[in-house]
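Chemist: Can you keep this structure in mind? I'll have questions shortly.
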Amino acid sequence: MERKPSAFTLVELLVVITIIGMLVGLLVPAVIAARERARQARCVNQLRELAMATLHYETVRGQLPGWRNQAPVGGGEISWVVALFPYLDREDLWEQWRTGSGDTPVYEQVVCPSDLGNPGQNPQGPLNYVANINLFHDRVGGGNTQTLEGLRSAQRTVMISERVYDASRPVGPWSGTDQNRLTFNWTAAPTVHGLAGQAAGLSSNHGGLIHVAFADGRVEALAPETSTADYRSGP
């Protein structure tokens, strides 16, 4: 007697579909988490590059850059990001900016990969990293120069931080010289405000952690409840 090939029953098919759905449900969050870890690692690397370029600038120029600086030619003004181009191995961008040739280039190294959908960013010059205004003074407006030797503790002085889009504190562009978009204020006096509170106005899209670069070049992820009183703010 010839035997007919067996087929899946409806119950077996539903079981298989359920198992596949459960596996997908477990896999998708893991993939999302892995992608965010990769974006977070890139953000840390970019922040570290900015910190090391700042230290290199200070070594060569004998002072930290200002959040606003006098352009080397033409009598214009440049931001702290533009001033760092020669120390970020981006002489091409520096020359393009210095000579005023071409449109403002896109510089993705100052864009946090977790904030690419930011509606408040200038498409040509977005910026997700801000400088401590207590260290990066206004060089055009007669601000004092700042050196690393003048710090009470470089290891505990926050120099640069990330900041993502927020309606009350818009970010970027790096190509402009708007103080509010280029800097943050790390209060010098002791304060009970948290890191993301009124005292600093910093933020991130990395699960609540906020990455900051210290004046010794290292980068740390601080929790939003971190008190700004735990760290110094310049001289």
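Chemist: Rounded to the nearest 0.05, what FRET efficiency do ASN45 and ILE17 have when you use their Cβ-Cβ distance and R0 = 25 Å?
Modeler: 0.05
Chemist: May I pose another question? Quick one: which residues, 5+ away or cross-chain, put their amide H under 5 Å from the amide H of TRP174? H built at 1.01 Å from N.
Modeler: So TRP174 has HN proximity to LEU127.
Values quoted throughout were computed directly from the atomic coordinates according to the rules given, and no laboratory measurement underlies them. Everything quoted here is computed from the prediction, not taken from an experiment. Reconstructed Cβ throughout: ideal geometry from the backbone, glycine too, with neighbour counts over all protein chains shown.
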